[in-house]
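K.L.:
Mind having a look at this structure? Questions to follow.
The values are calculated or read from the model by the stated rules, or taken from the named source; none is laboratory data. The model shown is predicted, which means the values in this text are computed figures rather than measured ones. We place every Cβ from the backbone using ideal geometry, glycine too, and count neighbours over all the protein chains shown. Remember, those area values only see protein heavy atoms, side chains included, never the ligands or the DNA or RNA. Shrake-Rupley method; radii C 1.70, N 1.55, O 1.52, S 1.80 Å.
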Amino acid sequence: MLVDILASLFAGLGMFFIGVKLIGAHLKQMTGRRFRMLVMKGTAHPAAAALLGSLAGAITQSTNAVAFIMMNLATAGLIEARRAMPVVGWANVGTSALVMVATLDIHLFVLYLLGLVGMAYYFNIDKSTRYRHIAGALLGISVLFLGLEFIKNGAAPLKSMAEVRDFLALSGQSYVLLFLIGAVLTLLAQSSATVSVVAVAMTSVGLFTMDQTLMVIYGAGLGSAASLWLLTANLRGTPKQLALYQGLYKLVGVAAMLLLFALENGLDIPLIKALIQWLSNDISVQAAWVYLLFQLVSTLLLGIAGERATRLVERLSPPTQEETLARPQFIYEQALDDPDTALDLVRSEQQRQLGHLPDYLDEVREEGIHATPRPVLHGALISVNREIATFITELLDRNRDRDDLNRVIRAQARNSLLSDLLDSLNDYTDALRSLTPGSPLHERAARLSEALHLMLVTLAEAQASGESTDLDLLLGLTGDKAELMERLRAAPPAHESSGGHAMAARLAEQAVFFHATVLFERLVWLVRRYGLQLRPDLNATPESRP
Amino acid sequence: MHITDETLTDAQVVHVSGRLDSTTSPLLEQYLLSVVESHPRVIVDFTRLDYISSAGLRVLLMAAKKSRARSGAFALCALKPALREVFEISGFLSIIAVHPDAESARQAFSS
């Protein structure tokens, strides 16, 4: 009998997890771009942010997913982190939707829904670009609720088993144990709503008392904070602020709910339990109300804390200006889940690399600032460039949208050109260092460097502005230089000294200069190629895309 | 660096002397953009200019861009050989007209 029960619970949990994943994956595909645009408008007003956050939480069923979308947008500079914070907070409230719906008796509805979705799949609806995500989300809903039925049916006989009764009696005496179970399960499931729904299901069949359910739900809140903390351990600066805000949200909520629990149980003051009994007679609905109240109390408390909470997370993770050159400032692993924003992040990261290209010439320019030693600069930029390349490759593997695919391929081509630019600039500067300061060839090379510096600055400006006039100027500057370079190599400037030793030195200088002009030609060609790669994206810069 | 300007019948001539580098170019930028704003035909005379850096070249590029946006005419004249080499390497000669002196620039505007 125990084997049957465990199999039923195991299968139910499996179906439940598949359902959660299917719903999230398909709804996100349906709302990705529109949701991002909505976020940018919605965060302008607190009420709109509340609605938006609740909606996002209800759709994704994961506050972490919403937090990561907000981090992407904040990192890309599309919204301010402090404006994204209320959206993340209200997403927690939105996740209550699943917990509340799970208490409804929709057995027949779920069976018919599953039948209908199955028929739709039989008629190849999953091949339709228009309806496949709707069908996928409905399949997810059906499987999720079917899984819940399995869990309820499997768990019901458990309460009559002596061993289970003993365990529950033992754990019922230890609130800490149940609290920790809730936290650990949430860490594994990555969703406090998921764990809470299962706890509510257990309550509905009389396996958990209300006190035990409360502890599991509160523990799940702490587990959710811990899970986001682990996922964002590698982040710093602005995106980390949102993770901290979500952590603070959960911690404040857990602390408040535990305090209310202690007051109600210890001093018999009617609080949460009295309220949920007034709201419903059904014990599973009461448990679902606890989850919602938990989120509302957290939202209320952080709303009261307001600016102080925002300032605290800003102080704990101050925005980084140049944390380190070797660390990507925009791209990060979790951003890959949202291809559209991920491409904006790649563009920002490449823009950052372009901004550093003129710095290579500091050593050989009269006006060079020498802010960072070139080996450090080169090592750091090459390292970031490789990270961008890996990020783009992963984006390419995950992407199925044809429009996005074209943008990804262009981003990849630009990154490859950037890599060549970094290496060629390093070689060019190395070559010029061998020239004798003050010699005529050194002066001519200095003119090459000033021209190259101008082209690199213009390239960075052309990508940043996204204006076709800037790109036209860049392409004008970077026309074919082959004939000019031939002329410069063939007609070395006049030398004052002569003699055997001076002649040898002059020949060595000419060889260096020859090498430098070859590298110069290559660099101009690379800058031009990069500029040409910008052309198709001119009408699709982050600022102008619909 | 020293800047003066001269009004001809159908063009404004800006004379720049000394060194045009990152220290002095903001001054020329302010001056030149304001001249381009108020005059449709502008000639920059470099007879007495000894040195130009990337920052100076960028100012000229911005002025040329602004002039083009306003459908104006913008030209340089009297470049010393070393300066001409920088302009040639930079690719300026395909973007901005360069003349031997102010008079020939003015005539080119009229033709």
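K.L.:
Hey, could you pull the Cα Rg and Dmax for chain A, both in Å?
P.N.:
30.8, 108
K.L.:
How much of the accessible area of chain B, in percent, comes from carbon and sulfur atoms when a 1.4 Å probe is used?
P.N.:
Of all accessible area on chain B, carbon and sulfur atoms account for 52 percent.
K.L.:
Carbon and sulfur: what percent of segment A:333-540's accessible surface (1.4 Å probe)?
P.N.:
Result for segment A:333-540: 52 percent of the exposed heavy-atom area is carbon or sulfur.
K.L.:
Past the 30 angstrom mark, what percentage of all C-alpha to C-alpha distances in segment A:333-540 do you count?
P.N.:
30
K.L.:
Can you report the principal axis dimensions of segment B:2-103 using only the alpha carbons, biggest first, rounded to whole angstrom?
P.N.:
30, 25, 23
K.L.:
If I histogram all Cα-Cα distances within segment A:2-316 using bins 20 Å wide from 0, what percent of pairs lands in each bin?
P.N.:
With a bin width of 20 Å, the distribution comes to 32, 57, 11, 0.
K.L.:
Give me the net charge for the shell around A:Ala274: Cβ to Cβ below 14 angstrom, other residues only, Lys and Arg +1, Asp and Glu -1.
P.N.:
Residues near A:Ala274 contribute -2 overall.
K.L.:
Report the A-B buried area as the accessible area lost on both sides summed, probe 1.4 Å, in Å² to the nearest 100.
P.N.:
Counting protein atoms only, the buried area is about 1900 Å².
K.L.:
What average number of partner chain Cβ atoms lie no more than 10 Å from the Cβ of the residues making up A:221-232?
P.N.:
Partner Cβ neighbours, averaged per residue: 0.
K.L.:
Largest first, what is the accessible-area ranking of A:Glu486, A:Glu363 with a 1.4 Å probe?
P.N.:
A:Glu486, A:Glu363
K.L.:
In whole Å, what is the distance between the alpha-carbon centres of segment B:87-111 and segment A:367-399?
P.N.:
Here the answer is 40 Å between Cα centres.
K.L.:
Something else now. Please report the net charge: other residues with Cβ closer than 14 Å to the Cβ of A:Gly182, K and R +1, D and E -1.
P.N.:
In short, 0.
K.L.:
Please compute the net charge surrounding A:Leu417, taking Lys and Arg as +1 and Asp and Glu as -1 over other residues with Cβ under 13 Å from its Cβ.
P.N.:
Combined, the nearby Lys, Arg, Asp and Glu give +3.
K.L.:
What part of the accessible area of segment A:2-316, given as a whole %, is carbon or sulfur when the probe is 1.4 angstrom?
P.N.:
Result for segment A:2-316: 70 percent of the exposed heavy-atom area is carbon or sulfur.
K.L.:
Just to confirm, what accessible area per residue do you get for the protein assembly as shown at 1.4 Å probe, in whole Å²?
P.N.:
I get 45 Å² per residue for the protein assembly as shown.
K.L.:
Could I ask something else about it? Over the Cα atoms of segment A:179-236, what radius of gyration and what Dmax do you get, in Å?
P.N.:
12.2, 45
K.L.:
May I pose another question? At 7 Å along Cα-to-Cβ for each site, give me the label-to-label distance between A:Ala491 and B:Gln30 in nm.
P.N.:
Reported label-point gap for A:Ala491 and B:Gln30 is 4.0 nm.
K.L.:
Here is a further query. What does the structure give for A:382-391 when I average, per residue, the other chain Cβ atoms found within 10 Å of the residue Cβ?
P.N.:
0
K.L.:
Test of understanding: what is the full-extension gain from A:Arg433 to A:Glu387, defined as 0.36 nm times their sequence separation minus their Cα-Cα distance?
P.N.:
Additional length available on full extension: 13.6 nm.
K.L.:
Report, as an integer, the average count of C-beta atoms from other chains found within 10 Å of each Cβ along B:50-57.
P.N.:
5
K.L.:
Run the helix sum for chain B: -39,500 (n - 2.57) per DSSP H stretch of 4+ residues, divided by residue count, reported at 222 nm to the nearest 500 deg cm²/dmol.
P.N.:
Helix contribution divided over all residues of chain B: -14000 deg cm²/dmol.
K.L.:
Place the peptides A:446-452, A:9-15, A:351-357 in order of packing, highest mean first, counting for every residue the other Cβ atoms within 10 Å and averaging per peptide.
P.N.:
A:446-452, A:351-357, A:9-15
K.L.:
Strictly over 26 Å apart at the Cα level, which of A:Lys41/A:Lys240; A:Lys481/B:Lys65; A:Lys41/B:Lys65; A:Lys21/A:Lys250; A:Lys240/A:Lys273 would you flag in this model?
P.N.:
A:Lys41/B:Lys65; A:Lys240/A:Lys273
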